[in-house]
Amino acid sequence: MTFLELAKKRYSARKFTNKPVEKIKLDQVLEAGRVAPTASNNQPQKLLVVQSEEGLQKMTKAARFYKAPVVIIVCIKKEEAWVREYDKKQTIDIDASIVTDHMMMAATDLGLDSLWMTWFHPAVLRSEFQIPSTLEPVNLLALGYNGAEPKSSDRHEITRKSLSEIVAYEQF
């Protein structure tokens with residue numbers, strides 16, 4: 001499968017079965033997050049894997065994760081994230097998103113389904129999972145096996161803007 005085929009195959013699952021994610025697959029997803037590029041290669045990410053019944057129960061207080069058997073809390077060490085000197089833009093969200101995307105695509109390649117989430121209650125996550133103030137929870141990634149009909153790879157022809165609508169060459 002080409003990368004473009006893989007990218008078109010991936011979709012946001014909002015119903016998961018209770019089938020557990022195999023450790024070998026979870027480890028490969030986490031490895032994809034480890035090797036993801038980050039600004040200046042600072043690697044400020046810290047990943048908290050939530051998969052126990054107790055942990056998932058705590059997760060219900062902070063986010064709707066559609067009963068996925070695994071949720072990865074993607075955090076960034078703020079003081080380790082690169083800062084652009086010209087305007088002081090910090091790469092917290094960028095680094096976390098690249099890491100999340102790599103894990104999400106690896107999951108798809110392994111036959112897992114995923115849901116990337118930014119809608120969550122950070123204070124509840126901090127409290128329930130003892131996330132220190134030095135870490136910023138940026139994304140959640142739910143993983144598991146889909147409990148609904150998969151989305152068609154052809155949906156992008158209808159649901160996405162055309163290249164001519166989003167691409168300009170040399171100037172806008």
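The values are calculated or read from the model by the stated rules, or taken from the named source; none is laboratory data. Note that the structure is predicted; figures quoted are calculated from it, not measured. Don't worry about glycine lacking a Cβ; one is built from the backbone with ideal geometry, like all the others, and counts go over all protein chains shown.
Remarks
- Being charged (D, E, K, R), in a loop (DSSP other than H, G, I, E, B) and either within 24 Å of Asp95 (Cα to Cα) or free of Cβ contacts under 8 Å to residues at least 12 places away in the same chain (or both) is not true of Arg14.
- Pro20 meets all of the listed conditions (1) surrounded by 18 or more Cβ atoms within 10 Å (Cβ to Cβ); (2) under 26 Å from Glu149 (Cα atoms); (3) not aliphatic (A, V, I, L, M) but one, namely (1).
- Single residue of segment 13-52 satisfying the filter (over 17 Å from Leu110 (Cβ atoms) and of a type in the set (Gly, Ala, Ser)) that is nearest to the chain's Cα centre (by Cα): Ala39
- Residues that are in contact with a Leu (Cβ under 6 Å, 6 or more places away or on another chain), surrounded by 21 or more Cβ atoms within 10 Å (Cβ to Cβ) and of a type in the set (Gly, Ala, Ser) occur in segment 105-112; there is at least one.
- Selection status of Ser97, closer than 25 Å to Phe3 by Cβ, at pLDDT 95 or above, assigned to a helix (DSSP H, G or I) and not β-branched (Val, Ile, Thr): yes
- Remark: Ser97 matches the filter, which requires a residue to be among the small types (Gly, Ala, Ser) and crowded, with 17+ Cβ neighbours inside 10 Å.
- Helices (runs of 4 or more DSSP H) fully within segment 112-172 counting 3 or more residues that are of a type in the set (A, V, I, L, M, F, W, C): 122-129
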